[in-house]
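Remarks on the structure that follows.
The numbers here are math on the coordinates, done by the rules we state, and not lab data. The model shown is predicted, which means the values in this text are computed figures rather than measured ones. So basically every Cβ, Gly included, is an ideal-geometry build from the backbone, and we count neighbours across all protein chains shown.
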Amino acid sequence: MAGHSWSLWSARAQSGANGLEEGGLVIGGRAYGLCPGFPNPAELELADIGPAGLVYGVIGYPGLAKVDLYQSTAGTFDRGLGLPSPSVTVVRGVSFFIGTLPKSACDYSSLELNSTSPGVSAEHNLGFGHCTAGQLVPITASQGIWQLPPGQFPPGFGGPGGGGAGGGRSSPPGFRAPDSDCYPQTNAATSGGPAATLAAKATEVAHGTVAGHAWSLWSARGQSGANGLEDGGLVVDGRAYGLCPGFPNPAELELADIGPAGLVYGVIGYPGLAQVHLYTSTTGTFDTGQALPPRRSRWCTACRSSSARCPSRPATTAPSNSTRRPSRARPSTTSASAAASPASWSRSPRARAAGRPAGSGGPGHISIWIRTD
């Protein structure tokens, strides 16, 4: 690329956007990062490694993406002068892009990144600070809007300080998909429908019982990890319930009124076994009120591969709060151990060990949890 040789690396035992972002890019024998952490729908880096600025990044949605770049103003979604489109290729099921800009990396204070993957678009705006030769240019501001209709990018949404729809609770004007919410939105009035509608599009990956209710967890076919589970769902006593589809949060939670005791369940999108706590709280705050008793918990761990088996042991863990995070924000968590009664769950007969489908979101396992209060 512009006389520079490059190679893309994926972290061992990881896949998809997670693997690439935890790996990185080597240019001319020097290593550059790719914004590790829980993956965004899009990541972009700007490198000052020659007379022409070099941009590269990852689009987290599966499939081949169309990527457009513009000069912009930080804290807006304004599209200024169009810039040459980078080269895009599918790597590990997601899109990696790389290209050069007409001027030095030092000449760009802000870039607008618009991407369209199969069936969905995302809009991101990034501001950049002081550049140093041979290094990445520091990102000083960022915001994003996700789950947009293909090819539609609302201008002027957001404001100074960033955040955008990625961290807010309202949709861009004229658009229907706020990123802190599920999309498509589950209609609470029609939830609890026949399980056959879910079984037609998904594969059972775990099942068990909680407070006398039989449940089974389903992963959408052709998907894996949090994506597969959230686009699949949960069946309780033969009725199907959603799990907040759309680009996954670090954590998702649903609350169901299906008996004398409320039922809560959800997914922790980070790889590995999570520790989860629940509290009563106040909307719009992160206040931890009364702790909810972990002793009634029923837990299991679901494999990232939609066709892999759950491990044959219960987990002791308890939930955390999360909202759809702003672009590039890396959530932090605090937790403490909690005792839980033995879980009643088992592997699904149809689940079998297999490789992860292309575009899976990461390594190993993710945590799912289910309990009554």
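Mind listing the long-range amide H neighbours of residue 77? Cut-off is under 5 Å, sequence gap 5 or more, other chains count too, H placed in the peptide plane at 1.01 Å from N.
156, 157
How many angstrom lie between the Cα centre of the stretch 1-71 and the Cα centre of the stretch 76-97?
Answer, in whole Å: 11.
Hey, with R₀ at 51 Å, roughly what FRET efficiency would residue 258 and residue 140 work out to, going by the Cβ-Cβ distance, to 0.05?
Numbers: r = 47 Å, r/R0 = 0.93.
After rounding, the FRET efficiency stands at 0.60.
If packing is taken as the mean number of other Cβ atoms within 10 Å per residue, what is the order of 220-229, 116-125, highest first?
Values: 220-229: 25.1, 116-125: 21.5.
Packing order, densest peptide first, comes out as 220-229, 116-125.
Got a sec to turn the phi values of the stretch 41-58 into Karplus ³J(HN,Hα) couplings, 6.51 cos²θ - 1.76 cosθ + 1.60 with θ = phi - 60°, whole Hz, x for Gly and Pro?
Result, ordered by residue: x, 8, 10, 9, 10, 10, 10, 9, 10, x, x, 10, x, 10, 10, 7, x, 10 Hz.
Within the stretch 33-77, whose backbone N sits under 15 Å from a point 7 Å along Cα→Cβ of residue 133?
Inside the label zone: 48-53.
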